[in-house]
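**Q** Have a look at the structure that comes next, please.
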Amino acid sequence: TAMGGRILKRWIHQPLNRLGPIAERLAAVSELRAQDQERKTLAERLARIGDLERLSGRICTGRAGPREVNALKGFLIDVGHLQSGTMHLQAPALAAVHGQLNPLPEIVALIDGAIDPDPPAALADGGVIRNGYHPPLDELRQLTTSGKQWIADLQARERERTGIPSLKVGFNNVFGYYIEITNT
């Protein structure tokens with residue numbers, strides 16, 4: 001994975017120089033080498049996670065798009081699967097990794113509840129927030145698609161409220177929207 005490639009590069013540029021950490025790393029490699037099926041399963045799960053470091057950096061700097069935020073949700077779900085897959089590993093280095101994995105279920109729930117499952121690529125395109133998540137936003141969305149109906153409803157409400165049956169809501173390019181009533 002991209003994250004694995006970066007950590008290997010760091011390990012090559014900054015090799016361990018104490019026997020304890022070297023022995024821990026070797027024990028982890030030996031355990032994974034001995035458990036062929038578990039190693040393959042972990043490799044598949046890691047490949048699905050993608051470049052979580054890069055994605056979290058984009059999100060933290062505010063440069064991530066809606067699809068990338070949805071991708072974070074998927075990655076965090078995969079981290080949960082990875083955590084359950086590393087539960088039985090005994091090597092101290094692998095047990096430490098298992099303890100550090102946090103699938104952040106509250107973030108997954110927030111993204112799942114707030115972001116549309118198929119959002120647009122860019123935030124400016126709109127339609128990112130899931131319908132039903134924020135009722136005032138849903139009302140504004142409805143206004144953009146049914147403005148004429150809203151004006152007709154406003155006219156009916158104002159007629160009823162004022163008791164003036166000839167009240168009309170009109171529009172022109174000079175004044176915009178206006179309410180018109182007869183002299184009588």
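The values are calculated or read from the model by the stated rules, or taken from the named source; none is laboratory data. None of these values were measured; they are calculated from a predicted model. When we count neighbours, we look across all protein chains shown, and the Cβ atoms used for this are built from the backbone with ideal geometry, even at glycine. In case anyone asks, the SASA skips ligands and DNA or RNA and just uses the protein heavy atoms, side chains included. Shrake-Rupley method; radii C 1.70, N 1.55, O 1.52, S 1.80 Å.
**Q** For residues in the range 117-139 being in contact (Cβ under 8 Å) with a residue 40 or more places away in the chain and within 11 Å of the chain's Cα centre (by Cα), which is surrounded by the fewest Cβ atoms within 10 Å (Cβ to Cβ)?
**A** Going through the qualifying residues, I end up with PRO117.
**Q** For the range 153-165, what are the residues that are free of Cβ contacts under 8 Å to residues at least 12 places away in the same chain and of a type in the set (A, V, I, L, M, F, W, C)?
**A** Scanning the range 153-165 gives a single hit, ALA156.
**Q** In addition: Out of the helices (runs of 4 or more DSSP H) lying entirely within the range 17-63, which hold 2 or more residues that are farther than 30 Å from LEU123 by Cα and open to solvent by 50 Å² or more (accessible area, probe 1.4 Å)?
**A** Qualifying helices (runs of 4 or more DSSP H): 19-34, 36-49.
**Q** Under 8 Å between Cβ atoms, at least 6 apart or on separate chains: pull out the pairs that start in the range 101-116 with a residue that is within 12 Å of ASN70 (Cβ to Cβ) and end on any residue that is β-branched (Val, Ile, Thr) and surrounded by 13 or more Cβ atoms within 10 Å (Cβ to Cβ).
**A** Hits for this filter: VAL108/ILE77; ILE111/VAL69; ALA114/ILE129; ILE115/VAL69; ILE115/VAL128; ILE115/ILE129; ASP116/VAL128; ASP116/ILE129.
Matching residues to (1) surrounded by 13 or more Cβ atoms within 10 Å (Cβ to Cβ); (2) more than 24 Å from the chain's Cα centre (by Cα):
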residue: VAL69; (1), (2): yes, no
residue: GLY74; (1), (2): yes, no
residue: MET87; (1), (2): no, yes
residue: ALA91; (1), (2): yes, yes
residue: LEU104; (1), (2): yes, no
residue: ILE164; (1), (2): yes, yes
residue: THR182; (1), (2): no, yes
